[in-house]
Amino acid sequence: MNNDRHEILRKSFNDFWSSIFERPDDYYSYMDNSDFDTLKTVLANINGIITYNSTLAMVDFIAELFSLPADEKNQILNKAKNTNPYANGFDIIHVYRCAK
């Protein structure tokens, strides 16, 4: 087996894009470092979209699980929706209410 790191990464990259475009090609050869940097930024944005959607789904799930009143659920959703998408550590909001 070929253990050349560059060739393994190149093959993986080409296999992925060939499956997306349904046309085998050496997509890697079209890329320069700037293109890879741009692609990395796009992938980070995709990760942010997935995290955002997961956060909203989790708020819905938790609100239903704990029968939160609509106003509390909406307050949590608004906080999640209005937080900077690049804020560190803000994926899932934890709210704890003490029963009196």
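Just for segment 63-72: of the residues that are exposed (fewer than 10 other Cβ atoms within 10 Å of the Cβ) and small (Gly, Ala, Ser), which one is farthest from Thr83 (Cα to Cα)?
The extreme case among them is Ser67.
Across segment 36-72, what is the number of residues that are farther than 29 Å from Arg10 by Cβ, under 11 Å from the mean Cα position of the chain (by Cα) and free of Cβ contacts under 8 Å to residues at least 24 places away in the same chain?
Count: 1.
Conditions tested, residue by residue: (1) exposed (fewer than 13 other Cβ atoms within 10 Å of the Cβ); (2) not in a loop (DSSP other than H, G, I, E, B).
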site	(1), (2)
Ile8	yes, yes
Phe13	no, yes
Trp17	no, yes
Thr38	yes, yes
Phe61	yes, yes
Thr83	no, no
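In this structure, is Asp25 at pLDDT 95 or above and part of a helix (DSSP H, G or I)?
no
Which ones in segment 49-59 are within 16 Å of Tyr86 (Cα to Cα) and exposed (fewer than 12 other Cβ atoms within 10 Å of the Cβ)?
Ile49, Ile50, Asn53
The values are calculated or read from the model by the stated rules, or taken from the named source; none is laboratory data. All of these numbers come straight from a predicted model, not from anything done at the bench. Glycine also receives a Cβ, built like all others from the backbone with ideal geometry; neighbour counts cover every protein chain displayed.
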